[in-house]
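The values are calculated or read from the model by the stated rules, or taken from the named source; none is laboratory data. In this text, all values refer to a predicted model and were calculated from it rather than measured experimentally. When we count neighbours, we look across all protein chains shown, and the Cβ atoms used for this are built from the backbone with ideal geometry, even at glycine. In case anyone asks, the SASA skips ligands and DNA or RNA and just uses the protein heavy atoms, side chains included. Shrake-Rupley method; radii C 1.70, N 1.55, O 1.52, S 1.80 Å.
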Amino acid sequence: SPVPEDAPSGTVVAVLKVRDRDSGENGQVSCELSGEAALSIVASPGGSYKVVTASALDREQAAEQRVTVVARDRGRPALRSSAELVLEVSDVNDN
């Protein structure tokens, strides 16, 4: 669903659940965002992450926000996986 451009900073736009079936340190996973967007990622309990708005959205500047989520485990060698997220921004001030 599109997110309105007047959504306050900290608005949750996605919840991600990540897991690695390995045990110990090899099973620990971290996530980060790659790309320039007005979004950030916050760890939550239980191996989930929230993607939230980090600043104001402006549909006139960008009708969508694109970021890549990169998940990486702590094994040796470290394994990683990535997925692209596309957030559509809806306009609130056009008639």
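I need a count of the residues in segment 66-80 that are out of contact with any Lys or Arg (no Cβ under 8 Å at 6 or more places or on another chain) and modelled with pLDDT of 90 or more. Before you say what the answer is, go through the steps one by one.
Pass one, segment 66-80, residues out of contact with any Lys or Arg (no Cβ under 8 Å at 6 or more places or on another chain): 66-69, 74-77.
Right, trim to modelled with pLDDT of 90 or more and you get 66-69.
Here the count works out to 4.
Give the number of residues within segment 55-76 that are among the charged types (D, E, K, R), surrounded by fewer than 16 Cβ atoms within 10 Å (Cβ to Cβ) and touching a strand residue (DSSP E or B) at 6+ places or on another chain (Cβ under 7 Å).
Initially, segment 55-76 is screened for residues among the charged types (D, E, K, R), giving 58-60, 64, 66, 72-74, 76.
Filter again for surrounded by fewer than 16 Cβ atoms within 10 Å (Cβ to Cβ), leaving 58, 60, 64, 66, 74, 76.
The next check asks that each one be touching a strand residue (DSSP E or B) at 6+ places or on another chain (Cβ under 7 Å); those that pass are 64, 66.
Within segment 55-76, residues that are among the charged types (D, E, K, R), surrounded by fewer than 16 Cβ atoms within 10 Å (Cβ to Cβ) and touching a strand residue (DSSP E or B) at 6+ places or on another chain (Cβ under 7 Å) number 2.
Taking into account only those residues within segment 81-95 that are part of a loop (DSSP other than H, G, I, E, B) and out of contact with any Lys or Arg (no Cβ under 7 Å at 6 or more places or on another chain), which is modelled with the highest pLDDT?
Within segment 81-95, the first condition is being part of a loop (DSSP other than H, G, I, E, B), and the residues that meet it are 91-95.
Cutting the leftovers down to out of contact with any Lys or Arg (no Cβ under 7 Å at 6 or more places or on another chain) gives us 92-95.
On the way: V92: 84, N93: 75, D94: 63, N95: 51.
Filtering segment 81-95 for residues that are part of a loop (DSSP other than H, G, I, E, B) and out of contact with any Lys or Arg (no Cβ under 7 Å at 6 or more places or on another chain), the one modelled with the highest pLDDT comes out as V92.
Hey, can you tell me all the residues within segment 54-75 that are farther than 13 Å from S40 by Cα and in a strand (DSSP E or B)?
Matches in segment 54-75: E64, A71, R72, D73.
Quick one: in segment 12-34, of everything that is open to solvent by less than 60 Å² (accessible area, probe 1.4 Å) and outside any strand (DSSP E or B), which residue is farthest from S81 (Cα to Cα)?
Looking at the filtered set, the residue picked out is G24.
Give me the residue from segment 36-49 that is surrounded by 13 or more Cβ atoms within 10 Å (Cβ to Cβ) and under 22 Å from E88 (Cβ atoms) and, out of that set, modelled with the lowest pLDDT.
Here the residue is A37.
What are the residues in segment 1-11 that are open to solvent by 40 Å² or more (accessible area, probe 1.4 Å) and part of a strand (DSSP E or B), if any?
Matches in segment 1-11: P4 only.
Filter segment 39-95 down to the residues that are acidic (D, E) and closer than 14 Å to Q28 by Cα and list them by number. Full working, then the answer.
Step one: list which residues in segment 39-95 are acidic (D, E), which gives 58, 60, 64, 73, 84, 88, 91, 94.
Hit for segment 39-95 is D73, nothing else.
Criterion first (under 30 Å from P4 (Cβ atoms) and assigned to a strand (DSSP E or B)) does S40 satisfy it? Explain how you work it out, then say what you get.
Numbers: under 30 Å from P4 (Cβ atoms): yes; assigned to a strand (DSSP E or B): yes.
Answer is yes for this residue.
Does V52 fit the bill of being surrounded by 14 or more Cβ atoms within 10 Å (Cβ to Cβ), at pLDDT 85 or above, within 18 Å of the chain's Cα centre (by Cα) and among the β-branched types (V, I, T)?
Numbers: surrounded by 14 or more Cβ atoms within 10 Å (Cβ to Cβ): yes; at pLDDT 85 or above: yes; within 18 Å of the chain's Cα centre (by Cα): yes; among the β-branched types (V, I, T): yes.
Yes; evaluated as a whole, the condition is true for this residue.
Among the listed residues V42, V3, which satisfies the condition of being among the hydrophobic types (A, V, I, L, M, F, W, C) and touching a residue at least 24 places away in the same chain (Cβ under 8 Å)? Show your work before the answer.
Values: V42 fails: touching a residue at least 24 places away in the same chain (Cβ under 8 Å).
Exactly one residue qualifies, and that residue is V3.
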